[in-house]
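Quick notes on the structure that follows.
The values are calculated or read from the model by the stated rules, or taken from the named source; none is laboratory data. The structure presented is a predicted model; accordingly, all values stated were derived computationally and were not measured. Backbone-built Cβ (ideal geometry, glycine too); neighbour counts: all protein chains shown.
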Amino acid sequence: MEIKNKQVLGLQLPTDPRWVNLAEMRLEDILTDHAFCEMKAASACMSLIQLYPYLEKLVEELMPIVTEEWGHFRMVVAELKKRNLKLGPQRKDEYVHSLLKFIPKGTSKEDRLLDRLLMCALIEARSCERFRLLSNELKEDDLQKFYHTFMVSEAGHYKTFLQLAKEYHEEELVWERWKEWLEYEKELLANMEVRGDRMH
């Protein structure tokens, strides 16, 4: 599967090209952060299932993602071990923390579902874009192949979250709100420090 550019995913701002070089120099840190991102992705899906157990399609679609994301966590930990690197402490994810601020407070449970699904789609899209950069730009062939696998998976998750948003909300509303999320993420990323020890 080829993800040729940011437009495929809707992203409005490409990742700073310096990020890959910085990440390559801090492999233990980036793998640690990646591992915890996978764990948090699984947790986010489980949280959605707990909040909306009566939405049959949502439960059916998210159950395998929970399994897959947890499997990804194990894959990254195994990669650390293979390289004699250590899984470090979990760090606060400023990117996701800032995205959460874009979900309005005091709205209905149904409206919050839309924003939660779109936020998940956005995180998957950005992760996919960054995995693509790693799979193309890292010097080591094994790491390129390693991250290509994650890139393909995240692209599928991104599509699933958008499809679920359209399953439970009018399509026009979904796309209007999606554009707002993309603009917000663009401004957020433009003002964030480029760090090689973070996936986002």
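Okay, here's what the table says:
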read-out: Test for LYS86: is it loosely packed, with under 14 Cβ neighbours inside 10 Å, modelled with pLDDT of 95 or more and assigned to a loop (DSSP other than H, G, I, E, B); value: yes
read-out: Given (1) surrounded by fewer than 18 Cβ atoms within 10 Å (Cβ to Cβ); (2) farther than 22 Å from LEU188 by Cβ, number of the condition ARG18 does not satisfy; value: (2)
read-out: Count of residues meeting criterion [free of Cβ contacts under 8 Å to residues at least 24 places away in the same chain and surrounded by 14 or more Cβ atoms within 10 Å (Cβ to Cβ)] in the range 128-142; value: 2
read-out: Test result for LEU58, outside any loop (DSSP other than H, G, I, E, B) and out of contact with any Cys (no Cβ under 8 Å at 6 or more places or on another chain); value: yes
read-out: Residue ID - surrounded by the fewest Cβ atoms within 10 Å (Cβ to Cβ), chosen from residues in the range 95-127 that are at pLDDT below 95 and assigned to a helix (DSSP H, G or I); value: LYS109
read-out: Subset of the range 147-181 (residues that are acidic (Asp, Glu) and under 13 Å from the mean Cα position of the chain (by Cα)); value: GLU154
